[in-house]
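Working notes for the structure below.
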Amino acid sequence: MAILYLSDILKKVGLEPSSVYLLRHSFSLQDFRECYEKGMVLDYTRQQDKDFGRGYDYWCVFISERGTLARLFGCYKVCGSVPDTLDVMPDGFPNPEHFQGNRAFFDLEHIDLLEEYENRLVIDWGNSTRQWKQKGSNEKPVSYILPNEKQEFPGYESLVLSYGKLKSVIDDPVAYETWRAALSSIYAVYLIVDRESGMQYVGSAYGTDGLWGRWSQYVHTQHGGNKELIKLLDEYPTRYHQFQFSILQVLPKSASEKEVLDAEKLYKRKLLTKEYGLNDN
């Protein structure tokens with residue numbers, strides 16, 4: 001008997017299973033295979049019947065594995081839909097004849113609540129694999145969760161992280177040991193953007209663990225002790241899931257605290273984050 005179900009994980013990350021629709025795409029369908037090979041799984045998912053998923057706020061998308069198993073591809077919030085006319089068809093979609101305006105093309109916003117499980121979480125869909133769409137409240141046993149493989153650091157300039165991705169990095173310093181080494185070895189001026197409103201916060205990192213230590217505080221507290229972020233989360237407690245982290249300037253650890261703070265002040269002036277953003281000073 002299974003001791004862990006998908007519904008348990010949904011509840012753990014704050015999703016009510018009854019509000020989640022589960023979709024399982026199968027390689028037995030040629031249309032899906034063609035979209036998968038072109039990296040267009042999400043585009044394939046977005047085109048559905050007009051009343052598809054009515055009553056469900058989120059879609060969890062899975063891809064078939066051997067037998068009745070299914071691997072998590074991603075979780076998305078449903079933000080409405082438009083008719084699937086040719087003008088909304090994504091470039092390079094392999095089956096343009098499907099876009100005739102008779103169905104719907106859904107606006108799906110990726111959420112990071114399950115990001116750390118993407119491509120790692122495998123569930124048993126059950127014997128009814130023909131029922132490719134099911135309720136999130138249905139008991140789907142978790143078959144296994146693959147371990148994180150070693151992740152190579154992509155470079156400071158390329159770093160753009162959602163809160164969920166940052167949490168995955170900080171929570172698994174073994175898999176992300178090159179990330180930890182890189183982020184611990186520098187001071188930095190960093191940027192947080194609230195993707196919901198577009199408002200920005202400029203901060204700086206200095207101290208023993210450099211940027212790794214500072215960003216770890218955001219994972220543990222969600223707000224990092226910043227006054228305006230605390231106010232925002234008091235009003236919208238789950239808003240931190242919309243935070244995006246990036247680096248504005250790398251400074252050597254030989255830099256003084258004053259040099260780091262002067263660089264931070266300069267970016268606040270450039271981006272007007274005191275006047276129009278989330279900096280309070």
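Reported to the nearest whole Å, the Cα centre-to-centre distance from the range 152-190 to the range 210-258 is 13.
Could you line up LYS268, LYS133 from fewest to most neighbouring Cβ atoms inside 10 Å? If you can, show how the numbers build up before the last one.
Working: LYS268 21, LYS133 13.
Ascending number of Cβ neighbours within 10 Å: LYS133, LYS268.
Other residues whose C-beta falls under 14 angstrom from the C-beta of TYR163 contribute a net charge of -2, scoring Lys and Arg +1 and Asp and Glu -1. What the phi angles of the range 153-165 give under the Karplus curve with 6.51, -1.76 and 1.60, with θ = phi - 60°, is a coupling list of 5, x, x, 5, 5, 8, 7, 9, 10, 6, 4, x, 5 Hz, glycine and proline written as x.
What is the sum of charges around GLU97, taking Lys and Arg as +1, Asp and Glu as -1, for the other residues whose C-beta is under 14 Å from the C-beta of GLU97?
Details: positive: ARG103; negative: ASP31, GLU34, ASP84.
In short, -2.
Its relative contact order, with pairs defined as Cα atoms under 8 Å and 6+ residues apart, puts the chain at 16 percent. Taking the longest Cα principal axis of the chain as reference, the axis of helix 257-271 is set at about 60 degrees.
Qualifying GluC sites (Glu not before Pro) in the range 198-281, where qualification requires a DSSP coil assignment and no more than 14 other C-beta atoms within 10 Å, comprise GLU275. Within the range 6-145, all pairs of alpha-carbon atoms sorted by distance into 5 Å bins from zero give the percentages 2, 10, 20, 23, 22, 14, 7, 2, 0.
Computed over neighbours whose Cβ is under 15 Å from that of GLU116, the net charge equals -1, Lys and Arg +1, Asp and Glu -1. In order along the range 75-85, the phi-based Karplus estimate (6.51 cos²θ - 1.76 cosθ + 1.60, θ = phi - 60°) of 3J(HN,Hα) comes to 10, 9, 8, 7, 10, x, 7, 9, x, 7, 7 Hz; Gly and Pro are listed as x. In this structure, the amide hydrogen of GLN47, modeled 1.01 Å from its nitrogen in the peptide plane, lies closer than 5 angstrom to those of PHE106, counting only residues at least 5 positions away or on a different chain. Report, to the nearest 10°, how far helix 210-221 tilts away from the longest principal axis of the Cα atoms in the chain, using its own Cα long axis and a range of 0 to 90°. Its long axis makes an angle of about 60 degrees.
Can you list the lysines whose alpha carbon sits under 24 Å from that of LYS265, skipping same-chain ones fewer than 8 residues off? Cross-link targets: LYS227, LYS231, LYS253, LYS274.
Give, to the nearest whole percent, the P(r) tail of the range 16-64 beyond 18 angstrom, counting all Cα pairs. Each step should come with its number before you reach the end.
Numbers: 385 of 1176 pairs.
Percentage above 18 Å: 33.
Arranged from fewest to most other beta-carbon atoms within 10 Å of their beta carbon, VAL88, VAL174, VAL122, VAL160 become VAL174, VAL160, VAL88, VAL122.
Given the DSSP H assignment, sum -39500 (n - 2.57) over each helix run of at least 4 residues in the chain and divide by its residue total; what's the result at 222 nm in deg cm²/dmol, nearest 500? Please report the intermediate quantities before stating the final value.
Numbers: 8 runs with 74 residues, N = 281.
Here the helix-only value at 222 nm equals -7500 deg cm²/dmol.
With θ taken as phi - 60° and the Karplus curve 6.51 cos²θ - 1.76 cosθ + 1.60 applied, the whole-hertz 3J(HN,Hα) list for the range 224-230 is x, x, 7, 4, 5, 5, 4 Hz, x standing for glycine and proline.
Any read-out appearing in this document is the output of simple, stated calculations on the displayed coordinates, not a laboratory observation. Computed from a prediction, not measured in an experiment: that's the story for all the values here. Note that each Cβ is placed from the backbone with ideal geometry, even for glycine, and that neighbours are counted across all protein chains shown.
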